[in-house]
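As C-alpha cells, the structure follows; a few thoughts come after it.
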Amino acid sequence: MNRAVDPRDLAMDGDGLAKGEVLLEVKNVSLRFGGVKAITDISFDIRKGEIRAIIGPNGAGKTSMLNVINGFYTPQEGTITFRGEERKKIAPYQAAASGIARTFQNVALFKGMTTLDNIMAGRTLAMHRNFLWQLLYFGPALNEEIANRRKVEEIIDFLEIQHIRKVPVGRLPYGLQKRVELGRALAAQPSLLLLDEPMAGMNLEEKEDMSRFILDVNSQFGTTIALIEHDMGVVMDISDRVVVLDYGRKIGDGTPDEVKANQDVIDAYLGVSHQDEGEG
Amino acid sequence: MFYREAGQFKTTYAADQQVFPILQDRIGVAVILFIAIAVVPFVANDFFMSAIAIPFLILALATIGLNVLTGYAGQLSLGTGGFMGVGAYACYKLATIFPDVPIVAHILLSGIFAAAAGVVFGLPSLRIKGLYLAVTTLAAQFFFEWCFIRIPWLYNYNASGAIEVPGLTLLGVTVTGPAAGSIPRYYVVLAIVILLTVLVKNLLRGRIGRQWMMIRDMDIAAELMGVRPLYAKLSAFAVSSYLCGVAGAMFVFFYLGAAEPSAFSITLSFQVLFMAILGGLGSLVGCFFGAAFIWILPILLRAGPPMIGIPIAAETATHVTSMIIGALIVAFLILEPHGLARLWQIGKEKLRVWPFPYA
C-alpha cells in the first residue's frame, strides 16, 4: 500500500474559508477556578491554514486555553468565534462535530485498543449507521466501515505506522503512541487541529519526524494547527505566528522573529541566549 | 506447526475485518459448532444436558451481558442477578398473559424489559464511576429482589410466591415445563445463545462497540472524538441488561422450571461477575471459559471422587469443592489477571511461533 495520499481525500473543505481568513477568534476570555485565575482577558486569533504556536512557562494557562477552545472548560468572560459562529458554552462532542480535534499532553490513547481501532475511533463522527445495521454488520454498515477503514489506512500510510496496525497501543513505545494520537486526531479531518506538546519527551529524531508530520499535515491537507510546545527551536522553525502567555495573560503575539525580540517574552520565558557568550 | 497464518493474504478490507481472519480458527469454530449441534445431544445423557450444558450456555450469555457493560464499556455492575430476574419475571408474565405466542418471542421480548430497567439504573453512571457505580447497581439488585417478593402480580398471586413455568410448545414440541425433554430445550437455548453472541460480536467490532471501549479506556478523549457519554453508557447498559434479561428468562424457562426470588439474589450477580473476571474482561470467548470454569468444574469435582471409587459424603464434597474453586480463582487471578481468555491468546501466540520461543 505504497500509493501516495491524495491530499484532497483528507482535507477538510467544509469551513469554506480562504487561506488567511480568521478561523478562530478568542476575545477577552477569562477563566477562573474559584479564586485561581487561570486565564485573564486573553485575545488572539488563528487564521485558516497557519501553524499557530502557543508558548509560555509552566502554569501559564496554555493547556487551559486549549480546554476552553474545545469545550472542556467554559470561560466566565469573553467569547470564542469559530468559523464565524460565536459560541458561549459548548460540550466537547459539539466542538468535535464543529471540526476541532486535538491531542493531549499526556498521551490519551485508548490503551486497550489496537492502533487501527484507535484511528478508527477518530472517525466516530463520520459514521452514522444505526443500531440495527450495526447488529448485522452487513450491507450499509459494512460498507461504511470499509469506506472509513480506507481513510484510516491513508492516515496510517501517511504516518508510516503500517507495521503496528494491529498492535494494542498500550504496548507501543512513547514516540509511536504520540504518532498514533496524531493519526487519531487527523482521522476526524478537522479544520482546526490542537496539539498539546506533541514533542514532549521525545528524542531528537522523533522530534524531527513529528515536525515533518506537522508541516506535511499543514501543507498537504491544509489543516490549521495550533500547538503548544516547549522546544523553542521547533516552535520558531515551524510556526507562522506565536502567542506567548505568562500567568494567564498574553505578553506577546506575532511572528517568531517579533516574539524573539519582545523584551517581555525574553524576561518571562525565553531568557538570554548563551550562544552569544560563546560555548562554555 | 499447523496453526500458521503464513500464506493467508488478505486482499480486501472486508476479508481483513472478519471475526476469524485465520483459516485454522474458522475450522476450529466450525468443529465446535458441529459438536455442539450434532454430537452433544446424541452422545450426552440427560444429566449432562440438563445440569451442565443448558445452564452453562445460559450463564455464558449472562456473562457476555455483564462483559459488554464491565469489560467493554468499563462500567462496573453488581446488578446482574436483578436484571436477569427482570427478564425472567417479564417472560413469565408475557407467557401467562399471551400463552399462544411462541415462547422464543417471549424470551427475546423479555430482554427489552430488562434493557429498560438497565437504562434507568444506568443513569447514575453519567456522574459516578468505578466502585461507586457498583454500589448504585447494587441498589438495582436489592430493589428488584424486593419487587419479586413484594409484588404478587409479578408471580400471578401464586400461593408459593414462586413462578412456575407453564408447559409450552414450539413447532409442536414441548420445550418448557416439567414435560419438556432436555434435547429440545438444549436446541432452543443453543440457537438463542449463538444468535445473540453473533449479534453482540457485530456490535462490538463496529462503531458502537468502539464507542464503548473509548469510554472505557479514556472517557475525556472519547468525548473529544464526538462520543456522547450519555448515549454510549446507556446503550451499553441497555444491551448488557437485554442479554442478562434473556439469559434470566431462559434460566427459569429452560433450566430451573420454577423460581423463587432467591434464584436471582446477589449470589447470582457475584457468580456471573466471577465468570466474567475469570474468563477475561473484554473478551467474548472468555465468557464461555469463565462460565465453564465456575459452573462445570464444581460439578466435575463433586462427581469425580465417587466415579473413581472414593466414597465421599455429599456435604463434604460440597465444602471441599468450594475451597478448591476459591483457591483456584485466587491462583488464576495471581497468575493471569486478564483471565482465561488471555491464557488462550498466549497459547495461540506460542503455537504460531512453535517450535521457536518467539517470532
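Laid out as a table, the results:
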| quantity | calculated |
| --- | --- |
| Principal axis box of segment B:208-295, alpha-carbon based, largest edge first, Å | 48, 24, 19 |
| Test item: A:91-98 mean partner chain Cβ contacts at 10 Å | 5 |
| For segment B:288-308 versus segment A:80-145, the gap between their alpha-carbon centres in whole angstrom | 45 Å |
| Sequence-separation-based contact order of chain A, relative, with Cα cut under 8 Å and 6+ spacing, percent | 27 percent |
| Degrees separating the helix A:204-216 axis from the principal Cα axis of chain A, which is the longest one | 70 degrees |
| Gain on full stretching of the segment that runs from residue B:48 to residue B:14 - 0.36 nm per residue minus C-alpha separation | 8.3 nm |
| Packing-based ranking, highest mean first, of B:151-157, B:199-205, A:26-32, A:95-101 given that Cβ atoms within 10 Å are counted | A:95-101, B:199-205, A:26-32, B:151-157 |
| Residue-averaged 222 nm ellipticity for the protein assembly as shown, from DSSP H runs of 4+ at -39500 (n - 2.57), nearest 500 | -15500 deg cm²/dmol |
| Neighbour-count order for B:212, B:354, B:295, fewest beta carbons within 10 angstrom listed first | B:354, B:295, B:212 |
| Distance (nanometres) between label positions extended 7 Å along Cα→Cβ at residue B:300 and residue B:358 | 3.2 nm |
| C-alpha long axis of helix A:140-159 to longest principal axis of chain A, angle in ° | 40 degrees |
| Helix runs (DSSP H) in chain B reaching 27 Å along axis by Cα, Kyte-Doolittle at least -1.0 | B:103-122, B:130-150, B:182-205, B:229-250, B:314-335 |
| Segment B:85-127: relative contact order in percent, alpha carbon pairs under 8 Å with at least 6 residues between | 47 percent |
| Cα long-axis angle, helix A:174-187 against chain A (0 to 90 degrees, to the nearest 10) | 70 degrees |
| Relative contact order %, chain B, counting alpha carbon pairs below 8 Å whose residues are six or more apart | 28 percent |
| Between segment B:94-120 and segment A:228-254, the alpha-carbon center distance in angstrom | 62 Å |
| Fluctuation leader among B:102, B:311, B:21 - chain B, Gaussian network, Cα springs under 10 angstrom | B:311 |
| 10 Å Cβ neighbours from other chains, averaged over peptide B:90-98 | 0 |
| B:47, B:143, B:253 arranged by Cβ crowding within 10 Å, fewest neighbours leading | B:47, B:143, B:253 |
| Mean shadow area of segment A:94-215, taken as a quarter of the surface of its Cα convex hull (nm²) | 7.8 nm² |
| Burial ordering of B:147, B:287, B:244, fewest other beta-carbon atoms within 10 Å first | B:147, B:287, B:244 |
| For segment B:133-179 and segment B:1-36, distance of Cα centres in Å | 41 Å |
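FYI, it's all coordinate maths here, none of it is from the lab. A quick note: this is a predicted structure, and the numbers were derived from the prediction, not measured. Neighbour counts are summed over all protein chains in view; Cβ atoms, including those assigned to glycine, are modelled from backbone coordinates with ideal geometry.
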